[in-house]
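Derivation of every value follows stated rules applied to the coordinates shown; laboratory data play no part. A quick note: this is a predicted structure, and the numbers were derived from the prediction, not measured.
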Amino acid sequence: MAGGRIQILIIGVVALAGLVVSGIWLWTGQKSWKAVMLERSVNQDQKVSSQTLIKVWEHSRNLDKTILPGRHVHLPGLISQLGIQDERLPQEFRAMVLVEGHESVHNSLARNPAHSHSWSRLAWYSFLLNGPSENVVSGLRMSIYTAPAKSSLIFWRISMAGMCRDFWDEEFENMIRRQINLAWRVSPGKLSSAVSGRDTEEMVIEILRQ
């Protein structure tokens, strides 16, 4: 008799745990849905209105702190990036999402570090807040580690690295050289634009002559 009660109790606990997990999963999906749709629009090169950015930000902030892990933890970083870049938005809002976005990217990478775009955003936030620094180079380094051949990031990483030349070490210089070789094969024109006015122009000429 006692054994039967224990079995019923165990079944009840397991069922309750399943309901709790399902509830958290549903809440996370609902909380992240607008941000997922926004990310899809951005990936399809669709225009996003300023008001939509504000609404999605308010709805999706703190996704990086949700209980369940997953790609959704990186979505606040994306939205904050879009908000900072949208010059139609009030300066106060853009300043606020810069600070919160920077913190959000730190949180998301602590939970899901294999995300190259977030490492690039971390480098970008560091540059916006403090200018060229070792932190910018560290973010770029991790972005390259996690996705060395990602064409959507190669040119941007080369351009940003060129503004932080004083903080390179030998390893990072070799990484940028490989990025330049990849970029040349993808688009010589984009590579030329990425290094224009940067300290990497002479490096590109040297590499391409080899």
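For q = 0.11, 0.21 Å⁻¹, what log10 I(q)/I(0) does segment 136-210 give under the Debye formula with an equal point scatterer on each alpha carbon and no solvent? The calculated log intensity ratios at q = 0.11, 0.21 Å⁻¹ are -0.21, -0.85.
From the alpha carbon centroid of segment 67-142 to that of segment 145-210 is 21 Å. Segment 46-112 has equivalent-ellipsoid semi-axes of 21, 12, 9 Å, by the square roots of 5 times the alpha carbon gyration tensor eigenvalues, sorted largest first.
For segment 136-210, relative contact order (Cα pairs under 8 Å, six or more residues apart, normalised by length) works out to 37 percent. Along segment 101-118 the Karplus relation, 6.51 cos²θ - 1.76 cosθ + 1.60 evaluated at θ = phi - 60°, assigns HN-Hα couplings of x, 4, 5, 4, 5, 4, 5, 5, 6, 5, 9, 9, x, 8, 10, 5, 5, 5 Hz to successive residues, with x for each Gly and Pro.
The H on the amide N of ASN112, modeled in the peptide plane, is under 5 Å from the matching H of no residue at least 5 residues off or on a different chain.
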